[in-house]
Amino acid sequence: MHLFVKTYGSTTFSDVGNAISGPDGSFTLTTPPLWQNASLRLDYLGDPSHDASSSGVWEVPVMGGSSIAVSDHSPRVHQRIVVRGRTLPSRAGRRISVWSGLRPCWCDAFPGPGTPAPKRLAHAVVRTDGSYRLVVRFSTPGRKRIYALVGQGDGLIASVSRYRHLRVG
């Protein structure tokens, strides 16, 4: 069996690997890393006892990664906090924003009752090397959790970083 991949923006499938199937029809295959959304297809070239065949096409959405770090985990009210991070792969020129609250869950159309909406704290553009830097301030004390969100585009779906927890005093 051969694995064919068509990456975002491409018009043709490329052969990227092959697999040996077992007597029960199962197979194992290692795919190269996918850095953009892709379409996959498996082809069997056939042999004297079996005809050639092709699988359907699978659409594979790829989510880029993003990291987040803060300069101070226990800032005072109105103190400047520097938020830094990196996107992988580099999403240079894409808009990135830092939010406070719960991360969006695309599997849940409606958050539970009483759940406050996330609040955007700042936004910027990702640098050419994939890094970003933003400055945020909090006007109220309390426990906060922030995350970075990079919008979809360039063959990737939107990506959300892990939470960073702060105690604003």
Q. From the square roots a ≥ b ≥ c of the eigenvalues of the alpha-carbon gyration tensor of region 2-60, which class results: rounded (a/c under 1.5), prolate (a/b over b/c), or oblate?
A. prolate
Q. About its Cα centre, what dipole magnitude does region 114-169 give when the only charges are +1 on Lys and Arg Cβ and -1 on Asp and Glu Cβ, stated in debye to the nearest 20?
A. 420
Q | Cα→Cβ-extended label distance, 7 Å offset, between Thr11 and His78, nm | A | 6.0
Q. So who's got an amide H within less than 5 Å of the one on Asn18, skipping anything under 5 residues away but keeping other chains? H placed 1.01 Å off N, in plane.
A. Leu3
(Q) Per residue of region 72-79, what does 6.51 cos²θ - 1.76 cosθ + 1.60 with θ = phi - 60° give for ³J(HN,Hα)? Whole Hz please, x for Gly and Pro, Karplus curve as stated. (A) 8, 8, 9, x, 8, 4, 6, 6
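Does region 33-111 classify as rounded, prolate or oblate by the C-alpha gyration tensor (a ≥ b ≥ c root eigenvalues; a/c under 1.5 gives rounded; else a/b over b/c gives prolate, otherwise oblate)? Write down the numbers at each step before the final one.
Numbers: a/c = 4.85, a/b = 2.88, b/c = 1.68.
Prolate shape, in that a/c is at least 1.5 and a/b is the bigger ratio.
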Q | Residues with amide H under 5 Å from that of Gly64, placed H, sequence gap 5 or more | A | Ile157
Q: Have a look at Leu121, Leu156, Ala52 and report the one farthest towards the positive end of the charge dipole of region 52-169, computed about the Cα centre with Cβ charges (Lys/Arg +1, Asp/Glu -1).
A: Leu121
Q | Amide H contacts under 5 Å for Tyr163, placed H, 5+ residues apart | A | none
Q) Ranking Leu40, Leu102 by Cβ neighbours within 10 Å, fewest first, what do you get? A) Leu102, Leu40
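What fraction of the DSSP beta bridges in region 65-168 is antiparallel, stated in percent and rounded to the nearest 5?
Details: 29 of 29 bridges.
Percentage antiparallel, nearest 5: 100.
Take peptides 81-90, 65-74 and line them up by average Cβ neighbours within 10 Å, highest first, as a rough protection proxy.
Details: 81-90: 18.1, 65-74: 14.9.
The most tightly packed comes first, giving 81-90, 65-74.
Rule-based calculations on the coordinates, nothing more; no lab input. As the structure is a prediction and not an experimental result, all values here were calculated from the model. Don't worry about glycine lacking a Cβ; one is built from the backbone with ideal geometry, like all the others, and counts go over all protein chains shown.
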